[in-house]
Amino acid sequence: MRRLTVGDFMTSALLTISPRETLAEAHAAMRRARIRHLPVLDGKRLVGLVTQSDLRLMETLRDVDPAEVTVREAMSRAPYTASPAAHLDKVCRQMADRRIGSTVVVSHGKPVGVFTTVDALRVLAMLVAPPPKQRRRS
């Protein structure tokens, strides 16, 4: 049996944001797309990751105006990345060990998707689902 890869289950409809955008713009993009993780690109280069949790934390700080503070100030600068061919078990183990909610999937230096804990739960549900019942012939 072929080993499962991150590329088999990643979210490939990739939405990204610039580090120059504001926290308010990041929130709006996340709400529209119903996502919690945004890879941050400077041009075509991955420079970070901003999450819904990062935005909430920044907004609790005194004197932070979400309409003025940029994503650069809230993002994680070294997001965990993996190739689409990375084995799913290794990536999931790394995410659990690091206590992170997503992996940016990168191919040839370019982000091509995101693999999140929601994606991992979908894989788990698929793996533990009971086999379909066989129809009896009469």
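Observations
- Residues in the stretch 91-112 that are in contact (Cβ under 8 Å) with a residue 40 or more places away in the chain and either within 13 Å of the chain's Cα centre (by Cα) or within 14 Å of T5 (Cα to Cα) (or both): V91, G101, S102, T103, V104, V105, V106, P111, V112.
- Members of the stretch 37-59 that are in contact with a strand residue (DSSP E or B) (Cβ under 7 Å, 6 or more places away or on another chain), more than 15 Å from E25 (Cβ to Cβ) and of a type in the set (A, V, I, L, M): L46, V47, L49
- Residue that is modelled with the highest pLDDT [pool: residues in the stretch 110-138 that are within 26 Å of A96 (Cβ to Cβ), small (G, A, S) and not in a strand (DSSP E or B)]: A120
- When E59 is tested against (1) assigned to a strand (DSSP E or B); (2) at pLDDT below 95, exactly one condition is not met: (1).
- Scanning the stretch 64-89 for residues that are touching a Phe, Trp or Tyr at 6+ places or on another chain (Cβ under 8 Å) and under 15 Å from V106 (Cβ atoms) turns up just one, A82.
Residue-wise test of (1) part of a helix (DSSP H, G or I); (2) crowded, with 16+ Cβ neighbours inside 10 Å.
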| residue | (1), (2) |
| --- | --- |
| D54 | yes, yes |
| E73 | yes, no |
| M95 | yes, yes |
| V105 | no, yes |
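- Out of T70, T81, T60, sole residue that is in contact with a helix residue (DSSP H, G or I) (Cβ under 8 Å, 6 or more places away or on another chain) and β-branched (V, I, T): T70
- Listed conditions (1) free of Cβ contacts under 8 Å to residues at least 12 places away in the same chain; (2) hydrophobic (A, V, I, L, M, F, W, C); (3) surrounded by 15 or more Cβ atoms within 10 Å (Cβ to Cβ) are all met by L61, apart from (3).
- Enumeration of residues in the stretch 17-41 that are outside any helix (DSSP H, G or I), in contact with a helix residue (DSSP H, G or I) (Cβ under 9 Å, 6 or more places away or on another chain) and under 15 Å from A74 (Cβ atoms): I17, S18, P19, R20, E21, T22, R36, H37, L38, V40
- All positions within the stretch 75-91 that are among the aliphatic types (A, V, I, L, M) and buried (at least 16 other Cβ atoms within 10 Å of the Cβ): M75, A82, A86, L88, V91
- Unique match (being touching a Leu at 6+ places or on another chain (Cβ under 7 Å) and surrounded by 13 or more Cβ atoms within 10 Å (Cβ to Cβ)) among L46, L14, L38: L38
The values are calculated or read from the model by the stated rules, or taken from the named source; none is laboratory data. Everything quoted here is computed from the prediction, not taken from an experiment. Here the Cβ is made from the backbone with ideal geometry for all residues, glycine too, and neighbour counts use every protein chain on show.
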